[in-house]
1. Can you name the residue in the stretch 230-244 that is within 11 Å of the ligand (Cβ to nearest atom) and more than 15 Å from VAL73 (Cβ to Cβ) and, of all such residues, is surrounded by the fewest Cβ atoms within 10 Å (Cβ to Cβ)?
2. Here are the criteria: (1) more than 16 Å from the ligand (Cβ to nearest atom); (2) farther than 20 Å from ASP207 by Cα; (3) buried (at least 17 other Cβ atoms within 10 Å of the Cβ). Tell me which single one VAL111 does not satisfy.
3. Any residue at all in the stretch 193-214 that is in contact with a Phe, Trp or Tyr (Cβ under 7 Å, 6 or more places away or on another chain) and either within 16 Å of the ligand (Cβ to nearest atom) or charged (D, E, K, R) (or both)?
4. Please go through the stretch 147-165 and pick out each residue that is assigned to a helix (DSSP H, G or I) and either touching a strand residue (DSSP E or B) at 6+ places or on another chain (Cβ under 8 Å) or free of Cβ contacts under 8 Å to residues at least 24 places away in the same chain (or both).
5. Can you go through ASP187, ASP204 and tell me which one is loosely packed, with under 13 Cβ neighbours inside 10 Å, out of contact with any helix residue (DSSP H, G or I) (no Cβ under 7 Å at 6 or more places or on another chain) and charged (D, E, K, R)?
6. Please name all residue pairs, on different chains or six or more residues apart, with Cβ atoms under 9 Å, provided the first residue is in the stretch 227-240 and is within 12 Å of GLN262 (Cβ to Cβ) and among the basic types (Lys, Arg) and the second residue is outside any loop (DSSP other than H, G, I, E, B) and more than 10 Å from the ligand (Cβ to nearest atom).
7. Could you say whether any residue in the stretch 158-171 is away from the ligand (no atom under 16 Å from the Cβ), at pLDDT 95 or above and over 19 Å from VAL133 (Cα atoms)?
8. Being surrounded by 14 or more Cβ atoms within 10 Å (Cβ to Cβ), under 22 Å from the mean Cα position of the chain (by Cα) and under 16 Å from VAL253 (Cα atoms) is true for just one of THR125, THR97. Which residue is that?
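The values are calculated or read from the model by the stated rules, or taken from the named source; none is laboratory data. As the structure is a prediction and not an experimental result, all values here were calculated from the model. Glycine gets a Cβ as well: all are built from the backbone with ideal geometry, and neighbour counts include every protein chain shown.
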Amino acid sequence: MGEREPRTRPDLELIPAYRPGRSVSSSGAKHERTYKLSSNENPFPPLPGVVERAVAASAGINRYPDAACGDLVRQLAKYLDVPESHIATGTGSVGVTQQLLQATAQPGDEVLFAWRSFEAYPVLTQIAGADSVRVPLTARAVHDLDAMAAAITPRTRLVFVCNPNNPTGTIVRRAELERFLDRVPSDVLVVLDEAYIEFVRDDDYPDGIEMYRNRPNVCVLRTFSKAFGLAGLRIGFAVAHEPVTEVLRKTAVPFGVTQFAQDAAVASLESVGPMLERVAALVSERDRVTAALTAQGWTVPPSHANFVWLATHERTTAFTRACEDEGILVRAFDGEGVRVSIGEQAANDRFLLAAERFRTETAG
Ligand SMILES: *Cc1c(COP(=O)(O)O)cnc(C)c1O
């Protein structure tokens with residue numbers, strides 16, 4: 001009957017309370033169908049054979065899953081041409097990100113990343129009790145790798161490079177990334193977050209799997225949530241040298257990756273061809289949307305992912321409302337801009353209509 005609440009860490013008050021994304025039904029749109037373009041989800045259904053494999057796994061839910069994700073790790077090692085011991089799995093690559101931070105950073109340590117970038121970085125850094133150091137993106141919304149290298153201190157434990165960057169869709173290229181990696185001390189871990197790698201169409205994009213091979217302080221993060229369309233099953237992985245994957249296994253939630261997720265991921269790797277076809281369709285939609293927005297007069301950073309970024313600044317709330325009125329949910333970053341996922345063609349058309357109306361109505 002005490003008046004005081006259970007004592008929790010005061011520093012967690014700095015983390016904004018979780019705000020669920022608006023769901024499709026909660027927006028009062030005039031349209032029959034609302035499209036959710038706010039979470040960078042894949043609009044295609046699961047790949048051929050995936051649902052069947054997951055359903056088959058349901059017969060065994062009285063058992064714990066394979067803690068080592070053995071089948072999946074074997075298939076991934078073949079797919080990526082890396083040793084099995086260089087792979088560590090987790091509950092989405094956000095789960096692996098948390099494992100990485102718990103394995104590297106403590107109070108007093110610094111975690112460095114570009115800003116704006118993926119929202120999970122500051123939150124998970126705070127949960128680890130470490131300090132976030134944010135280096136602003138360049139005027140073209142690209143990582144400022146020179147400024148990031150200069151921001152490394154003896155306290156820096158981990159550096160994120162989100163490539164392509166969420167939410168701006170921009171990439172850093174091979175030469176500048178190599179120059180950066182050459183400047184980072186060998187005892188600082190560099191995490192290349194490649195959640196959107198399948199959507200990149202640029203010859204100078206540095207594939208992290210090539211970058212990590214002769215660099216023991218580079219860790220690559222990949223996920224099944226985006227191109228493979230398994231966001232709901234929570235499965236991702238890291239590729240790194242053994243000292244890193246070993247601590248990732250220690251900081252993982254035991255049995256966190258379900259057998260549904262493991263089996264569905266293995267089945268998805270058997271459908272890489274169809275996956276690539278779907279990605280190609282989304283890339284062509286992305287390029288169509290970018291061209292149409294540019295024709296409407298918007299400035300759009302060239303996106304290498306499955307979303308586009310519009311720097312709407314102080315009109316962000318108004319623009320978000322205008323999209324909702326057309327039945328389109330977008331991801332707003334107040335005062336900065338909106339991130340709009342590439343969805344099915346009808347959704348993209350509806351978004352383009354909203355964007356055009358907004359420009360016409362607010363012009364002059
Ligand atoms: C979507 C995304 C992820 C993947 O998250 P999961 O936890 O695997 O669903 C990781 N990093 C970035 C930058 C993302 O946008």
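1. It comes out as GLY232.
2. For VAL111, the exception is condition (1).
3. Looking for residues that are in contact with a Phe, Trp or Tyr (Cβ under 7 Å, 6 or more places away or on another chain) and either within 16 Å of the ligand (Cβ to nearest atom) or charged (D, E, K, R) (or both), one finds at least one in the stretch 193-214, hence yes.
4. Within the stretch 147-165, ALA147, MET148, ALA150 meet the criteria.
5. After applying the criteria, what remains is ASP187.
6. ARG234/ALA261
7. Scanning the stretch 158-171, I find no residue that is away from the ligand (no atom under 16 Å from the Cβ), at pLDDT 95 or above and over 19 Å from VAL133 (Cα atoms), so the answer is no.
8. Within the list THR125, THR97, the selection yields THR97.
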